[in-house]
């Protein structure tokens with residue numbers, strides 16, 4: 001992995017996959033002399049500006065921007081933060097509430113929060 005600043009943005013080209021999704025390939029030059037094409041799903045991504053520092057891997061004229069993985073790149077719930085357990089618990093409680101509503105039950109936020117609390121307690125105890 002390398003880190004450098006974008007010094008020149010030379011232009012872009014587009015490519016549309018068979019499913020109709022458009023990808024943008026931006027021709028860039030880094031302040032360390034590396035140059036090539038970096039892809040994005042946006043026409044004008046916020047990270048693509050002259051002077052911006054970018055972490056990347058380069059293979060020939062292909063530059064692959066390195067982005068930080070969500071949740072620190074961890075592969076599961078073990079060792080996650082307490083906020084991580086709370087987020088998972090609330091998400092599952094919401095799904096539980098939607099399933100109950102679909103089945104015709106009356107559901108309110110107090111019930112969803114109680115279920116989330118129970119899920120979080122279980123997650124915290126089973127880390």
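Here are the numbers for this structure:
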quantity	calculated
Any hit, region 81-101, residues being in a loop (DSSP other than H, G, I, E, B) and modelled with pLDDT of 85 or more	no
Single condition residue 48 does not satisfy, out of (1) on the phi > 0 side of the Ramachandran plot; (2) surrounded by 11 or more Cβ atoms within 10 Å (Cβ to Cβ); (3) modelled with pLDDT of 90 or more	(1)
Checklist (1) within 17 Å of the chain's Cα centre (by Cα); (2) within 20 Å of residue 15 (Cβ to Cβ); (3) in a loop (DSSP other than H, G, I, E, B) applied to residue 46, failing item	(2)
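The values are calculated or read from the model by the stated rules, or taken from the named source; none is laboratory data. All figures in this text were calculated on a predicted structure; none of them were measured in a lab. When we count neighbours, we look across all protein chains shown, and the Cβ atoms used for this are built from the backbone with ideal geometry, even at glycine.
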